[in-house]
Amino acid sequence: MLVLRSIALFILAAFCEIGGAWLVWQGVREHRGAIFIGAGVIGLGVYGFVATLQPDAHFGRILAAYGGVFVAGSLIWGIVVDGYRPDRYDILGAAICLVGVAVIMYAPRTG
């Protein structure tokens, strides 16, 4: 059950961070204005809180593993929101990152 909770938190964190960054991008690069930027900053702040809810107590481990989730999540966001079409190397790279997440977070440890 802890693994499922952890995965759900990684997905929520990715949504908040990637969504927040996308909103800032839209506000600045696409000239959509301060409301987009402000909403993005709030989303990025929420991401910071969500990360603290992970059951593992090690900040470095959480952020290292989240990096892999961010890579895969960013590609998914691009597909769903921006119509991006990843190539096989994008997909392979994201898969490698997610294997890294599994090793960092869920490998059996002693002590």
So which residues in the range 16-47 are within 21 Å of C97 (Cβ to Cβ) and among the small types (G, A, S), if there are any at all?
G19, G20, A21
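The rows are residues; the columns are (1) in contact (Cβ under 8 Å) with a residue 60 or more places away in the chain; (2) touching a helix residue (DSSP H, G or I) at 6+ places or on another chain (Cβ under 6 Å); (3) of a type outside the set (F, W, Y).
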| position | (1), (2), (3) |
| --- | --- |
| A34 | no, no, yes |
| G40 | no, yes, yes |
| F59 | no, no, no |
| L75 | no, yes, yes |
| V80 | no, no, yes |
| P86 | no, yes, yes |
| V99 | no, no, yes |
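Values in this text are rule-based calculations from the coordinates and carry no lab data. Not measured: the values here are computed from a predicted model. Note that each Cβ is placed from the backbone with ideal geometry, even for glycine, and that neighbours are counted across all protein chains shown.
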